[in-house]
Amino acid sequence: MMRQASKMILGQGLPSLPTRTRAVVVGAGKPRMYHERVVDHYSNPRNVGSFDKKDPNVGTGLVGAPACGDVMKLQIRVDDESGKIVDACFKTFGCGSAIASSSVVTEWVKGKQMEEVLSIKNTEIAKHLSLPPVKLHCSMLAEDAIKAAVKDYETKRAKSNSIEEAAPVKKAADA
Amino acid sequence: MWKKKLYASTPLSTILLSTRILAKIHSPKHAPLLNPLLQISASCSPSPPPFVREIEVQFFPTSGGIFFGGPRFHKENFNLFVKKKNCFCSVSQSAEKLECWNCDAIADSPMPFLVCQACRSVQPVDHSIDYFQILGVERKYNIEVDKLEGKYKDWQKKLHPDLVHSKSQREREYAAEQSARVIDAYRTLTDPLSRAIYILKLENVVVDEEERITEPELLAEIMELREAVEEAESAQALNQIKAQIQGKMQYWCNSFEDALLNKNYEDAIASIQRMTYYKRANEEIIKKL
């Protein structure tokens, strides 16, 4: 079911791909194609899905590129004690490059520390996927998404910490 | 492109100095243009001999502009350069006449100068003519879309590339470009979203292609919408969602118009962003149906 759903999600934006699709750019000598890594992320989707937003261990990053009508949701599950990202998932509605960028990020962040993933740069993502200049903003979107997810988690954590601190004070006052 | 031509012929300095010009005006609407001439002759310093001569004056208003530009005044006399049949003033830069590259006829109608009236040859593209002018509608957001098709077809009857097979290479190129531009104009103005973006562009407000947003409410709503489209099982469910989207599009179109009238460009861009999202969702529904 999830696979079907993810197929459907990923089914937008990319031209039909049983064979490698060639988009010929007028005036250029070489035909433009999706890089095989992009195609791979499309045909073999990994980490597509959702975590529970309300889960205190989950950070959700929700970003969009209004000019092309893209939305990207990236979620991380963090282990409280170690600060390590134990799992990640994404849901992206947009072009193949946007989907692949977010997919790549979910793969990269698994097992890393939160501070570490903040240093992921869109240029690395773009290089990994050989994104053409017109699609660089997709990698920027993915960078924004992971940063937003980390920020969300930390905000949640700070809130719950302040509630924990207030509660024992209250108990002491009641006692 | 149009050419600025100054025809230097018999200077009329001696003629006009203290005289009235008896001009035969060919159409009544050109009558107001006579006044500048009278003013000029009145301001000239008198000098012998008085001389009245009847000259034929043809006035050619340019599209949207006044033909009669300010003539140059010299200290003692002023020169009006006159050609035999056509009366051209030594024009200042503000008055630009559009001429056909083929037959040199002047553009004499209020319509945008895409095709010459006299010899029917297609003119080169003039980018200063915007899409609203080409399709003959007012430059505002709420235009009547039905009117566009008629005008569009009228233009294509005159400048479609198929009509110029036997003509010169130059004209065929002009026809290809002009025709493409008219098609562009029609497509841009029929679709509400592209019309909105185009209007803002004419006002020099550019919607940034690479901008990213993190508005949680908007994005969450769009996310839910897209997920609903994905998960919809039946055509009925899809049509329901489609109807909702239509409603929202209409709301944001109106919001855009209000923002535009108030020159509130931030709100206008926000409206465009939402319209883009809804349009994408709509496209997905259509794909699925």
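The values are calculated or read from the model by the stated rules, or taken from the named source; none is laboratory data. Since we're looking at a predicted model, the values are computed, not measured. For neighbour counting, all protein chains shown are included, and Cβ atoms are generated from backbone atoms with ideal geometry for every residue, glycine included.
Summary of values
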| quantity | calculated |
| --- | --- |
| Candidates B:Ala175, B:Ala259, B:Ala243, filtered to the one that is in contact with a strand residue (DSSP E or B) (Cβ under 8 Å, 6 or more places away or on another chain), among the aliphatic types (A, V, I, L, M) and either more than 14 Å from chain A (Cβ to nearest Cβ) or not in a helix (DSSP H, G or I) (or both) | B:Ala175 |
| Failed item, numbered, when A:Pro133 is tested on (1) closer than 18 Å to A:Cys68 by Cβ; (2) surrounded by fewer than 21 Cβ atoms within 10 Å (Cβ to Cβ); (3) in contact with a strand residue (DSSP E or B) (Cβ under 9 Å, 6 or more places away or on another chain) | (3) |
| Criterion: over 17 Å from the mean Cα position of the chain (by Cα) and either modelled with pLDDT of 95 or more or assigned to a helix (DSSP H, G or I) (or both) - qualifying residue of B:Glu224, B:Glu210 | B:Glu224 |
| Selected residue (criterion: nearest to A:Lys53 (Cα to Cα)) from residues of the stretch A:139-158 that are among the aliphatic types (A, V, I, L, M), in contact with a helix residue (DSSP H, G or I) (Cβ under 9 Å, 6 or more places away or on another chain) and away from chain B (no Cβ under 12 Å) | A:Val150 |
| Counted residues, the stretch B:196-237 - those being among the basic types (Lys, Arg) and at the interface with chain A (Cβ under 10 Å from one of its Cβ atoms) | 2 |
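One line per residue, one yes/no per condition, for (1) surrounded by fewer than 18 Cβ atoms within 10 Å (Cβ to Cβ); (2) among the β-branched types (Val, Ile, Thr):
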position: B:Ser109; (1), (2): yes, no
position: B:Pro112; (1), (2): no, no
position: B:Cys119; (1), (2): yes, no
position: B:Val122; (1), (2): no, yes
position: B:His127; (1), (2): yes, no
position: B:Leu159; (1), (2): no, no
position: B:Arg172; (1), (2): yes, no
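For (1) within 27 Å of A:Lys73 (Cα to Cα); (2) out of contact with any helix residue (DSSP H, G or I) (no Cβ under 9 Å at 6 or more places or on another chain); (3) assigned by TED's automatic domain parsing to the domain that holds B:Val145, each residue gets a yes or a no:
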{"site": "B:Val207", "(1), (2), (3)": "yes, no, no"}
{"site": "B:Glu224", "(1), (2), (3)": "yes, yes, no"}
{"site": "B:Val229", "(1), (2), (3)": "yes, no, no"}
{"site": "B:Leu238", "(1), (2), (3)": "yes, no, no"}
{"site": "B:Leu260", "(1), (2), (3)": "no, no, no"}
{"site": "B:Lys263", "(1), (2), (3)": "no, yes, no"}
{"site": "B:Ile272", "(1), (2), (3)": "yes, no, no"}
{"site": "B:Lys279", "(1), (2), (3)": "yes, no, no"}
